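The values are calculated or read from the model by the stated rules, or taken from the named source; none is laboratory data. Note that this is a predicted model, so its numbers are computed, not measured. In case anyone asks, the SASA skips ligands and DNA or RNA and just uses the protein heavy atoms, side chains included. Shrake-Rupley method; radii C 1.70, N 1.55, O 1.52, S 1.80 Å.
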Amino acid sequence: RWSFCFDPVTNTLILNNGACMLEYDGQRLRRLKADASSTEAILWSGAIPGRLNPRSASILLALSKLRTQPPIGKYVVDFAGCIIVIGTNDGYGVASSAPGNNYLWPLAGETRVRDADNLIPTGGATLNDRLYVWTPTMIHESAPPDEKGLLNFRPVSHGIGFISHFAVCKVAIGGQQMLLGVNSDGLYAFSGIEPTAVIDRW
């Protein structure tokens, strides 16, 4: 099952099936690659051209800070100019690309999201200027990545979450953007504060 998002920086569609990520530019579908050796990657890692000699030292510095392959996870969303992969490693990880470049993947740009029941995330979406990652029993919120590219999550809903990434959609209700999704108890609307039951019994 594929999840996907649109990267507004490169105008490509990013697709993920839990085993690999692909990008589609309207003509070609190809595997998404990570960059850890270009001049941009070396500059991002903090190297100053001409200060590190030979060039291999610059590449080693970039490799120490950047992934050589995009992270493998279950779901993908776009947020604040970054590509976010949810469900990396043991399922609890959330990894972010560098802002404005979906080919640079900082090793430090990964955090973990756990709920009180130790359940792994079952999906995520953006709403307004926040990223939300949920489990069946909790919803976590993060502001845009900080200066180090890190996402900082905090729980905003305890006891109610969504059961699936594919069972949540973004809708406008009364002029306000909301996430409308399925929980084991019913259908809930979430505006960023607390989920509200739309249909509370199946």
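How much of residue 166 can a 1.4 Å solvent probe reach, expressed as accessible area in Å² and rounded to 10?
My reading of the accessible area for residue 166 is about 90 Å².
Which value, in Å², gives the accessible area per residue of region 10-159 when a 1.4 Å probe is used on the protein heavy atoms?
48 Å²
Rank 130, 30, 1 by accessible area, highest first, at a 1.4 Å probe radius?
Values: 130 70, 30 100, 1 195 Å².
Result, largest first: 1, 30, 130.
Sum -39500 (n - 2.57) across every DSSP H segment of at least 4 residues in the chain, then divide by the residue count to get the 222 nm mean residue ellipticity, nearest 500.
-2000 deg cm²/dmol
Roughly to the nearest percent, how much of the accessible area of the chain is carbon and sulfur, given a 1.4 Å probe?
54 percent
Want the number for residue 173 to residue 108: 0.36 nm per residue separation, take away the alpha-carbon distance, what's left?
Values: separation 65, 0.36 × 65 = 23.40 nm, distance 3.75 nm.
Full-extension gain reported as 19.7 nm.
How much accessible surface does residue 105 have with a 1.4 Å probe, in Å² rounded to 10?
Using a 1.4 Å probe on the heavy atoms, I get roughly 0 Å².
For 6, 162, give me the order by solvent-accessible area with a 1.4 Å probe, most accessible first, ignoring ligands, DNA and RNA. Spell out each step's value before the answer.
On the way: 6 100, 162 0 Å².
Ranking 6, 162 by accessible area, largest first, yields 6, 162.
Rank these residues by their accessible area, most exposed first, probe 1.4 Å: 42, 59.
The most accessible residue leads, giving 59, 42.
Under the Karplus relation 6.51 cos²θ - 1.76 cosθ + 1.60, θ = phi - 60°, what is the ordered set of whole-Hz ³J(HN,Hα) values for region 75-85, x standing for Gly and Pro?
9, 9, 9, 9, 7, 6, x, 10, 9, 10, 10
Under a straight-distance cross-link criterion of Cα-Cα below 19 Å, which aspartates and glutamates are reachable from residue 33, leaving out those fewer than 8 residues away in the same chain?
7, 23, 25, 78, 110
Sort the chain into rounded, prolate or oblate with this rule: let a ≥ b ≥ c be the square roots of the eigenvalues of the Cα gyration tensor; rounded if a/c is under 1.5, and if a/c is not under 1.5, prolate when a/b is larger than b/c, oblate otherwise.
Taking the square roots of the gyration eigenvalues as a ≥ b ≥ c, the chain is prolate.
Expressed in nm to one decimal, what extension gain is obtained for the pair residue 17 and residue 29 from 0.36 nm per residue of sequence separation less their Cα-Cα distance?
2.9 nm
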